[in-house]
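None of the figures in this text is laboratory data; all of them are computed from the coordinates on show. Just so we're clear, the structure is a prediction, and the values are computed from it rather than from any experiment. As a convention, Cβ positions derive from the backbone with ideal geometry for all residues, glycine included, and neighbour counts pool all protein chains shown.
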Amino acid sequence: MDPIILQAYKAMQQGQSFAFATIVETTSNGVPRKVGSKMVVLADGSLFGTVGGGIYEKQVVNECLKAIKTGKPRTLTFDHFGKDEQPVCGGQMKIFVEPFASQKHLILCGAGHIALPLSLFAKMLNFKVSIIDNRKEFANKIRFPHADEIILGHHSVALAKQSIDKNTLIVIVTHGHEFDFDCLKKVVKSDAGYIGVISSKKKRSKFFSDLKKCGVANKFLKKIKMPIGLNIGAQTPEEIAVSIAAEIVQELNAESLRTSKFEAKKTY
């Protein structure tokens, strides 16, 4: 296997985000690398391979890091004609920067009636799934044979040991309000890409009031989905799981919601 592709594969296996930089076009033989040359840049700035070195490669690395953060690819054009501090190799090259985000990780705090169908939907969406529950009759491989990780123990303690970043999706559906609150308190200030809590309006009001008393700022409270899920009139655990999965997908695809692709066309 190409060593550069191998590094990208290792990064993916380890849950790291990265970006490819590939030379897609050149205008002469004077440029330092040929079409197809690749470089992989990890989120921590580590790089493997080269697209020519020098000042332009440093710019490409910076653009890769930006792409990792934004999730947006772009094409860069570099001249090598020796003007205005340009390299003097001659020619021009275009480099395509393509980010790859690490796999989304759904952490389910609670292994009850909603968690079971939701975990199945999550696997269909290609998420890594972790289950946390303090009941061995629920947190086990017989009930969740498809889960990537099952943790039997105190919900909030186990949750605190998880690595949480923007690719982490946290759904809190335990069997007790006190467990729900402890979990929420642990992650409310985290970088999680999604935080949702099963709740009534009364429960939401109490939880938010208690969090404010703990010094949690409004900017963190605004991130919480509570009650959890889109309002589709869900009644059964399976329907509620559908509403939660749909809300997560909506969050992940937020930038696409306002595009013409999803606008209904009037036919009357």
- line: For the chain the mean separation of alpha carbon contacts under 8 Å (6+ apart) over residue count, i.e. relative contact order in percent, is 13 percent
query: Given (i) 227; (ii) 175; (iii) 198, which label gives volume of the Cα convex hull per residue in Å³ as computed from the coordinates?
result: (iii)
- prompt: Hey, what angle do you get for helix 115-124 against the long axis of the chain, alpha-carbon based, 0 to 90 degrees rounded to 10?
  reply: 20 degrees
- request: Only helical DSSP H runs with n ≥ 4 go in: add -39500 (n - 2.57) per run for the chain, normalise by residue count and round the 222 nm mean residue ellipticity to 500 deg cm²/dmol.
  value: -10000 deg cm²/dmol
field: Loop sites in the stretch 1-67: chymotrypsin sites (Phe, Trp or Tyr not before Pro), DSSP, at most 12 other Cβ within 10 Å
entry: none
task: Within the stretch 31-77, list the trypsin sites (Lys or Arg not before Pro) lying in a DSSP loop whose Cβ has at most 13 other Cβ atoms in a 10 Å radius.
output: K34
message: Just to confirm a number: summing +1 for Lys and Arg and -1 for Asp and Glu over residues other than C109 whose beta-carbon lies under 11 angstrom from that of C109, what do you get?
response: -2
query: Under the classification rounded if a/c is under 1.5, otherwise prolate if a/b is larger than b/c and oblate if not, where does the stretch 113-268 fall, given a ≥ b ≥ c as square roots of the Cα gyration tensor eigenvalues?
result: oblate
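When a footprinting reagent is the concern and you count Cβ atoms within 10 Å, what order do R143, R135 take, fewest first?
R135, R143
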field: Relative packing of 234-246, 186-198, which averages over residues the other C-beta atoms within 10 Å, highest first
entry: 186-198, 234-246
- prompt: DSSP beta bridges in the chain, what fraction antiparallel, as a percent rounded to 5?
  reply: 50 percent
statement: Between K225 and residues 5 or more places away or on another chain, the pairs with built amide H atoms under 5 Å apart involve I195, G196, V197
task: Taking the Cβ of each residue in C214, C64 as the centre, tally the other Cβ atoms inside 10 Å and list the residues starting with the fewest.
output: C214, C64
task: Please turn the phi angles of the stretch 13-22 into ³J(HN,Hα) values with the Karplus equation 6.51 cos²θ - 1.76 cosθ + 1.60 (θ = phi - 60°), one per residue in order, whole Hz, x for glycine and proline.
output: 5, 8, x, 8, 7, 7, 9, 8, 10, 10
statement: Taking a ≥ b ≥ c as the square roots of the eigenvalues of the Cα gyration tensor, with a/c under 1.5 meaning rounded and otherwise prolate when a/b exceeds b/c and oblate if not, the stretch 135-204 is oblate
